[in-house]
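Remarks on the structure that follows.
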There are 2 protein chains.
Amino acid sequence: MGAGLVGSLLSLYLARRGHEVTVYERRADPRKAGPVEGRSINLALSDRGWRALEGVGVGDEIRRVAIPMYRRVMHDAHGNLSFQPYGQDQQAIYSVSRAGLNRTLLDLAEANPRIQLRFDQQCLGVDLRERTLALRDAGTGEQHTQPFRRLFGTDGAYSAVRAALQRTDRFNYSQSYLEYGYKELNIEAGPGGEWRLEKNALHIWPRGQYMMIALPNLDGSFNCTLFFPYEGLHSFAALQTPAQVQAFFEEVFPDVVPLMPELQQEFFQNPVGSLVTVRCFPWAFDDDVVLLGDASHAIVPFYGQGMNAGFEDCTVLNELLEQHGPDWAVIFDQFQRQRKPNADAMAELAVYNFEEMRDRVADPRFLLQKKIESKLSAQYPGQWLSLYSQVTFSHTPYAEAWQNGQRQEQIMRRLMPHIQTEADFDRADVQALIKSEMLSVEF
Amino acid sequence: MGAGLVGSLLSLYLARRGHEVTVYERRADPRKAGPVEGRSINLALSDRGWRALEGVGVGDEIRRVAIPMYRRVMHDAHGNLSFQPYGQDQQAIYSVSRAGLNRTLLDLAEANPRIQLRFDQQCLGVDLRERTLALRDAGTGEQHTQPFRRLFGTDGAYSAVRAALQRTDRFNYSQSYLEYGYKELNIEAGPGGEWRLEKNALHIWPRGQYMMIALPNLDGSFNCTLFFPYEGLHSFAALQTPAQVQAFFEEVFPDVVPLMPELQQEFFQNPVGSLVTVRCFPWAFDDDVVLLGDASHAIVPFYGQGMNAGFEDCTVLNELLEQHGPDWAVIFDQFQRQRKPNADAMAELAVYNFEEMRDRVADPRFLLQKKIESKLSAQYPGQWLSLYSQVTFSHTPYAEAWQNGQRQEQIMRRLMPHIQTEADFDRADVQALIKSEMLSVEF
């Protein structure tokens, strides 16, 4: 159930293992809606996502339409820039169009004779005992009952499949919202389709209690997202008129206002999206039903890992299918036990990174610390990999990465009081301190 | 929606203020089912509950069928007893039949010309925009749409009204289960209807990782509840045969086995209940809908406060109606802001007390500490009221009680290392310590 990013990718994995798959999707076929539709949103694809895409042979095709972003570019309130590389040399996260990626995966699924796609099929309910789905066809309005043998719930943060599991006994569940919403805005391309900000970067306007970010598109435009409190002094509630919006943006995002000619219209036309974290357990019901992706672990978008975590679910499930053959009860159980702590860690990391992006990246001491960590990483290769790199450029389980990162942070708290400039890193006393700290670091 | 304990009491409060009330209940009228039906379960009524009942003039009527329990009686694995009074002198919690109490409240509601009771009405959904309930009549199977002006969701831990709110944006929600289930068992009355354990007490068989409790009935029997892990060495999963049950009970609850002639049958006939904590926010939707009782804050039963907290909701809502007249938007908003932190504190306290009941009450040092606290309370009246007394015998908001209790616990941790016997309390050095500690205690 669900032909979004995770559902369409999962269908490809299952079909490669010889299974017949039917994919039901509530919405219409996005490929029939013309060039621009749906959530015109960009996502940051990173190593976990790439591995999952390469597992079904679609890496190169996606790479052709992905824009590498090598660093964060921070814009201060005077338009001054500062920079923070994401990793070493050629390491990057990749801006891809959510809609475009989904279409590519659906084209691949459709071309596979083992996969049937059924759009406009709303799931009204799941009978777990009878193993049937109640579906409503959006075109005809007719309802029908669809038997299933094994149901994969890939229907997103508001999953109908999960809603059925939620009514079983002892199902732990939580949905929790940030006090922040988001609004999408647009930076126009230059006259010749050129990018009016650095193309190969993720742009951040960190403002303490709120922030804006921008990711590049292929056509020279950027997708911007304002993350902003619902209530308070600076908030959606406080900006009620076009003049207020204009004045606020000119004050706090002055360098971007000239690049947003449609700002006032967009601000009042585009909806405010909410930011939810969903946790639940168990993810599986016997060997009949399992949840993947946002359906079992929706997270806030601040680490760029929502899609990557969902894609990694497909990688892990595929590995378990390889190991355990047809023993679905074992596969589903191992899958949920292995993935649940990692999904929980990633949910925490995503909230944590919101603070980093909207606040700490504007602090020179924070940026200095990141430079020192980068030097540490170069001096102790294999022994010190930054938390960001572990999450983004490795396949280390999220929970393990988060633990490593917390240990690193403790070390940096002891080290940084001795360091005032980048050059201090090479001072003998600092190097001696580092040496003694590194004795305790085991990876 | 919901004619359980909180719903029926709330209807009486609303009617007293001149409102016309219709109460819809999913189940059949419990009064028509004969003498024994529904959840034959006993609850511990305490001061918050009594105040709410007295507010509608039904205190005396309930008091006639309530059994005061003045102390905990702990049964060890050899059948030896120890004792812990709940409060001072005549302070007690009261064993009442859930079903009996509900019937009494329904009789009162039915006798009130402003209240209409509608049983067998299942809530299939709530249209918040149109302000209508979709109801299904269990007798005829017919569905109909019922408009409402103001909807009070008192439909319990699995509330259908809350399920409608859960689909609104930014609704925070969690349901979390303990790894323990419960099973109800029965201690028979003696031949002449006499009680075969001390009547005016709550009995506990604390066994570390699990426990059994018993509350007295008017007919000489006791309702027992075994709280037991689902899985593990000693667990429901481990007791699969009548012989295993018998052997286990004889080993760990030897004094009670002779009083339970139906043990083996009951153990396999009675279902295992699950233990859920439900948290959510907001509790209100505009001035149209509000949740009360378990619908907004279901808790585990270990502090005996589930019903009392729900009844206190009625007291608080009634006070706000008194203060704010017809301004329902303000009333609902104040209600949820005032009650939410208290409901959260009570949920924590309830889980905390499970540990105390199943484990700490078997520890002589713990019982000594409780005796010392009782002496402190007598020596400093008004300045030291035990956490249990604040929760059970006062109307101090739960959150405040919990904070006070945590401060007291810190003081006791400093004091107890100096105290080996009850008599040590009067030693000059201990009294000096107490005097200095009490300087910092402000209530």
When you check A:Glu110 against the structure, is it assigned to a helix (DSSP H, G or I) and surrounded by fewer than 18 Cβ atoms within 10 Å (Cβ to Cβ), yes or no?
yes
Would you point out the residue of region B:18-35, among those that are at pLDDT below 95 and over 21 Å from the mean Cα position of the chain (by Cα), that is most open to solvent (accessible area, probe 1.4 Å)?
B:Lys32
May I ask you to say which residue of B:Leu259, B:Leu165 is open to solvent by less than 50 Å² (accessible area, probe 1.4 Å), under 30 Å from A:Ser274 (Cβ atoms), of a type in the set (A, V, I, L, M) and at pLDDT 95 or above?
B:Leu165
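Looking at region B:190-204, which of the residues that are farther than 27 Å from B:Ala237 by Cβ and open to solvent by less than 20 Å² (accessible area, probe 1.4 Å) is nearest to the other protein chains (Cβ to nearest Cβ)?
That would be B:Leu202.
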Where residues in region B:123-156 are open to solvent by 40 Å² or more (accessible area, probe 1.4 Å) and aliphatic (A, V, I, L, M), which of them is farthest from the other protein chains (Cβ to nearest Cβ)?
B:Ala138
A:Glu54 being among the charged types (D, E, K, R), modelled with pLDDT of 95 or more and open to solvent by less than 40 Å² (accessible area, probe 1.4 Å):
no
Taking B:Arg207 as meeting all but one of (1) more than 14 Å from every other protein chain (Cβ to nearest Cβ); (2) of a type in the set (Lys, Arg); (3) more than 22 Å from B:Phe354 (Cβ to Cβ), write down the number of the exception.
(3)
Mind listing whichever residues of region A:405-441 are open to solvent by 90 Å² or more (accessible area, probe 1.4 Å), in contact (Cβ under 8 Å) with a residue 12 or more places away in the chain and within 29 Å of the chain's Cα centre (by Cα)?
A:Arg407
Among the residues that make up region B:392-404, is at least one of them β-branched (Val, Ile, Thr) and either part of a helix (DSSP H, G or I) or surrounded by fewer than 14 Cβ atoms within 10 Å (Cβ to Cβ) (or both)?
yes
List the residue pairs whose Cβ atoms are under 7 Å apart, where the first residue sits in region A:157-174 and is at the interface with chain B (Cβ under 8 Å from one of its Cβ atoms), the second is of a type in the set (D, E, K, R) and open to solvent by 10 Å² or more (accessible area, probe 1.4 Å), and the two are 6 or more positions apart or on different chains.
A:Ser174/A:Arg279
B:Leu218 vs. criteria assigned to a loop (DSSP other than H, G, I, E, B) and of a type in the set (A, V, I, L, M):
yes
Confirm whether B:Val278 is within 29 Å of B:Leu165 (Cβ to Cβ), more than 13 Å from chain A (Cβ to nearest Cβ), of a type outside the set (D, E, K, R) and in a strand (DSSP E or B).
no
Any residue at all in region A:306-317 that's without any contact (Cβ under 8 Å) to a residue 24 or more places away in the chain, under 24 Å from A:Ser394 (Cα atoms) and open to solvent by less than 30 Å² (accessible area, probe 1.4 Å)?
yes
Would you be able to say whether some residue in region A:179-189 is β-branched (Val, Ile, Thr), in contact (Cβ under 8 Å) with a residue 24 or more places away in the chain and open to solvent by less than 10 Å² (accessible area, probe 1.4 Å)?
yes
Residues that are surrounded by fewer than 17 Cβ atoms within 10 Å (Cβ to Cβ) and of a type in the set (A, V, I, L, M), drawn from region B:263-292
B:Val272
Subset of region B:357-366 (residues that are in a helix (DSSP H, G or I) and surrounded by fewer than 17 Cβ atoms within 10 Å (Cβ to Cβ)):
B:Arg360, B:Pro364, B:Arg365, B:Phe366
Which strands (runs of 3 or more DSSP E) sit wholly inside region B:9-98 and have at least 2 residues that are closer than 30 Å to B:Phe249 by Cβ?
B:42-45, B:67-69, B:71-75, B:81-85, B:93-97
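The values are calculated or read from the model by the stated rules, or taken from the named source; none is laboratory data. Computed from a predicted structure; not experimentally measured. Using ideal geometry, Cβ is built from the backbone for each residue, glycine included, and neighbour counts are taken over all protein chains shown. For the accessible areas, the whole protein counts, side chains as well, though only heavy atoms, and no ligand, DNA or RNA atoms are used. Shrake-Rupley method; radii C 1.70, N 1.55, O 1.52, S 1.80 Å.
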